[in-house]
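Report on the following structure.
The values are calculated or read from the model by the stated rules, or taken from the named source; none is laboratory data. Everything quoted here is computed from the prediction, not taken from an experiment. Neighbour counts run over all protein chains shown; Cβ positions are idealised from the backbone, glycine included. Please note that ligands, DNA and RNA were not included when accessible areas were found on the heavy atoms of the full protein model with its side chains. Shrake-Rupley method; radii C 1.70, N 1.55, O 1.52, S 1.80 Å.
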Amino acid sequence: ALVHRSEFKQARRIVVKLGSAVVTRGDEGGLALGRLASIVEQVAVLQNQGREMMIVTSGAVAFGKQRLRHEILLSQSAIPVLEARACAAAGQSGLMALYEAMFTQYSTCTAQILVTNLDFHDEQKRGYLNSTLHELLRMNIVPIINTNDAVVPPPVPNSDLQGVISIKDNDSLAARLAVEMKADLLIALSDVEGLYDSPPGTDNAKLIDIFYPGDQQSITYGSKSRVGMGGMEAKVKAALWALQGGTSVVIANGTHPKVTGHVITDIVEGKKVGTFFAEVKPAGPTVEQQTEMARTSGRALASLLPEERGEIICRLAELLTEKKEDILNANKRDLELAKASGRLSLPLLNRLSLSTSKLNSLAIGLRQIAVSSEDSVGRVLRRTRVANNLELEQITVPIGVLLVIFESRPDCLPQVSALAIASGNALLLKGGKEAAHTNKILHQLTQEALSVHGIQEAIQLKAAKGIPVLGHSEGICHVYIDSEASIDKAIDIVKDSKCDYPSACNAMETLLIHRDLLRTPLFDQMVDMLRNEEVKIHAGPKFASYLTFSPSEVKSLRTEYGDLECCIEVVDSMQDAVDHIHKYGSSHTDVIVTENEETAEHFLQQLDSACVFWNASTRFADGYRFGLGAEVGISTARIHARGPVGLEGLLTTKWVLRGDGQTAADFSEQGSMKYLHENIPVSQRNLNLTPSTPKPT
């Protein structure tokens, strides 16, 4: 089987399996003609490139059902329950005629083959089938194969013969056919993006990019498709069987209107589409796992004191001189391999080369970065008195996770690592293969320096051929009510955050309540207020577990309702609230309501949302209310630097608002408060609000 997606371009013999959900309309009463036309075009394009294409298709039952219903309506008879075999018999000829008409537009000839289980289990019949298919492919004809549903018996559970997969559905038929014909690639199209580690649509369900034999235990399967005989479990079983027989497999979505027009050709071109079934699992974590590890350790890095981050950088500088012999030996090996290959020009070889003097210069530069990093993170850039006892700060914070790709320049690795550490950012590095041995030891030394504070996973060296990019634009805002919150402030802030303008992106969507507040006057008054405001409440999983009769349980903790609806969830602590927001939030605006200043400051410093507030409504996340005049939107993105990017370019900012229970309604025409929007010197601090300087993040 092919090892990497990049090898799919070499695939000559390809089987495309069209699931029932791909071929049929949403109402199950006919065929999805537009979708089929797009798929036919892609298959014809690949066939005309010189590949040998085969299609395993569903759809005869749906086509026959549509045809028989039409005939019954014309005869003015009552429509009975239509039996599947009869529908298949009525639909086979029409389905094939449709394929033939579509492929004719591309000067491509097709042939229909109907098979049953016996055609594979009977040696003589299997030989005839094999011979027929090879002859059709030799004549540049696209075979269109389907189970003969007009005569096929109902599938018998667990009826696979030893070493043979039974033909229970078109998934198993496609796998059996692909192995029989020694196909290079099987593309199985369904109505989901690919294989998920848990049922699609559930919280934390992740699309699996590459699936390896032995990973089955980590998968939780959901229900099968709305139509068809299989389900994802059947697809995985068939895919693994085909893989074992030497055919590579990709399961992908063939129903999405934006991708259907090029899903097959994208897969053959090696693009990251669907789930790729591969035989050999590489050692070490996947790219996605590396990214998650970097993100988690990066948050710990950002929470260190400046002198602690400087200590890591200085330790890395020491290791560059202490381990210089090991570094230079690894570099010598890279240079020898590069010269032997003849691929690098002299200037590139010079860039690849390290020396004692280069390492000494690197160490000096790293120590300078350590010194300059002391006041980089947590620096106050702007202070505004929005109103009395309502002060806004804009402070510098890390971007989060950086991705840096560099070629044959291994000295880049410690330099960029030091800048990332100084700015509190996690780092993903993608180095050139010419410097593989040098990069490996420099990365090991970087992780050794990070281990001084137990965060060695904050910097990862990636070996990916494709780089995933993730993004979102949601406004999933949280209000956390701490155990030491004021009842009046909590009620007012939640009411304003949810009810002032529910469809705004800065409206509260999830209310997090400390466990100790359940069955207290604050909780009772909060629920009464939401009900009086006609807010529909959805219970989070933990909240529902505390109640005998709970509201409807939330379908997802990542829901942006945009209406008079919200989720209530219970957390055990402020840290639990922060972890919940990091997991389910959208980095827009999040609030803590508490009278404990230390708890509030920890919340403000640890949370990396664009706006984090203490005792103030989420509705203040607005350009006008910040005194910026206007806005084009609330950005949750982090990319902003242009030109040469040093330490300053690796920082972004967040807004910290410290209030005393204010709501946006207080500043309306009927309200009693007025905006001041006074600039405050950065060095000045309102002692009533913050009597002590918080520990920098």
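A quick yes/no check of all residues on (1) in a helix (DSSP H, G or I); (2) open to solvent by less than 30 Å² (accessible area, probe 1.4 Å):
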{"residue": "LYS281", "(1), (2)": "no, no"}
{"residue": "GLU288", "(1), (2)": "yes, no"}
{"residue": "LEU304", "(1), (2)": "no, yes"}
{"residue": "GLU308", "(1), (2)": "yes, no"}
{"residue": "ILE313", "(1), (2)": "yes, yes"}
{"residue": "LEU320", "(1), (2)": "yes, yes"}
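When SER408 is tested against (1) surrounded by 17 or more Cβ atoms within 10 Å (Cβ to Cβ); (2) over 30 Å from the mean Cα position of the chain (by Cα); (3) among the small types (Gly, Ala, Ser); (4) part of a helix (DSSP H, G or I), only condition (4) is not met.
For the stretch 342-357, residues that are modelled with pLDDT of 90 or more and under 40 Å from the mean Cα position of the chain (by Cα) total 3.
The rows are residues; the columns are (1) over 18 Å from VAL570 (Cβ atoms); (2) open to solvent by 10 Å² or more (accessible area, probe 1.4 Å); (3) modelled with pLDDT under 95; (4) of a type outside the set (S, T, N, Q).
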{"position": "GLU474", "(1), (2), (3), (4)": "yes, yes, yes, yes"}
{"position": "HIS478", "(1), (2), (3), (4)": "no, no, no, yes"}
{"position": "LYS498", "(1), (2), (3), (4)": "no, no, no, yes"}
{"position": "HIS514", "(1), (2), (3), (4)": "no, yes, no, yes"}
{"position": "GLN525", "(1), (2), (3), (4)": "no, yes, no, no"}
{"position": "LEU530", "(1), (2), (3), (4)": "no, no, no, yes"}
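Within the stretch 489-523, the set of residues being touching a strand residue (DSSP E or B) at 6+ places or on another chain (Cβ under 9 Å), among the aliphatic types (A, V, I, L, M) and not in a helix (DSSP H, G or I) comprises ALA507, MET508, LEU511, LEU512, ILE513, LEU518. Taking each residue of the stretch 363-375 that is within 14 Å of SER417 (Cα to Cα) and touching a residue at least 24 places away in the same chain (Cβ under 8 Å) and looking for partners that are assigned to a helix (DSSP H, G or I) and of a type in the set (Ser, Thr, Tyr) with beta-carbon atoms closer than 7 Å, six or more apart or interchain, yields ALA363/THR321.
Scanning the stretch 349-363 turns up one or more residues that are surrounded by fewer than 18 Cβ atoms within 10 Å (Cβ to Cβ) and farther than 22 Å from GLN444 by Cα.
Of all the listed residues (ALA420, ALA370), the sole one being open to solvent by less than 20 Å² (accessible area, probe 1.4 Å), touching a Cys at 6+ places or on another chain (Cβ under 7 Å) and either of a type in the set (A, V, I, L, M) or not in a loop (DSSP other than H, G, I, E, B) (or both) is ALA370.
Out of GLU569, GLU560, one residue alone is part of a loop (DSSP other than H, G, I, E, B), within 17 Å of ASP203 (Cα to Cα) and of a type in the set (Asp, Glu). It is GLU560. Listed conditions (1) over 22 Å from GLY562 (Cβ atoms); (2) modelled with pLDDT of 95 or more; (3) not small (Gly, Ala, Ser) are all met by ILE493, apart from (1).
Here's the yes/no breakdown for (1) among the aromatic types (Phe, Trp, Tyr); (2) modelled with pLDDT under 90; (3) at negative phi; (4) touching a Ser or Thr at 6+ places or on another chain (Cβ under 7 Å):
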residue: GLN47; (1), (2), (3), (4): no, no, yes, yes
residue: MET53; (1), (2), (3), (4): no, no, yes, no
residue: VAL56; (1), (2), (3), (4): no, no, yes, no
residue: ARG67; (1), (2), (3), (4): no, yes, yes, no
residue: LEU73; (1), (2), (3), (4): no, yes, yes, no
residue: GLN76; (1), (2), (3), (4): no, yes, no, no
residue: ALA84; (1), (2), (3), (4): no, yes, yes, no
residue: GLY91; (1), (2), (3), (4): no, yes, yes, no
residue: TYR99; (1), (2), (3), (4): yes, no, yes, yes
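Filtered by the rule that a residue be at negative phi and among the small types (Gly, Ala, Ser), the stretch 266-296 gives ALA278, ALA283, ALA294. On the stretch given as the stretch 337-360, residues that are more than 18 Å from ASN439 (Cβ to Cβ) and of a type in the set (Ser, Thr, Tyr) total 3. The numbered conditions (1) surrounded by 16 or more Cβ atoms within 10 Å (Cβ to Cβ); (2) of a type in the set (A, V, I, L, M, F, W, C); (3) without any contact (Cβ under 8 Å) to a residue 40 or more places away in the chain are all true for ALA340 except (1). Answer yes or no as to whether THR559 is open to solvent by less than 10 Å² (accessible area, probe 1.4 Å), of a type in the set (S, T, N, Q) and out of contact with any Lys or Arg (no Cβ under 6 Å at 6 or more places or on another chain). So THR559 does not fit the description; no. Within the stretch 256-278, if we keep just the residues that are farther than 21 Å from ALA175 by Cα and among the β-branched types (Val, Ile, Thr), the residue that is most open to solvent (accessible area, probe 1.4 Å) turns out to be VAL259.
The stretch 587-669 holds strands (runs of 3 or more DSSP E) entirely within its bounds, and those carrying 3 or more residues that are buried (at least 23 other Cβ atoms within 10 Å of the Cβ) and at pLDDT 95 or above map to 589-593, 611-616. It is to be established whether one or more residues within the stretch 574-585 are free of Cβ contacts under 8 Å to residues at least 60 places away in the same chain and open to solvent by less than 10 Å² (accessible area, probe 1.4 Å). Yes, that holds for at least one residue.
Can you say whether GLY378 is crowded, with 23+ Cβ neighbours inside 10 Å, at positive phi and either assigned to a loop (DSSP other than H, G, I, E, B) or without any contact (Cβ under 8 Å) to a residue 24 or more places away in the chain (or both), as far as the supplied structure shows? So GLY378 does not fit the description; no.
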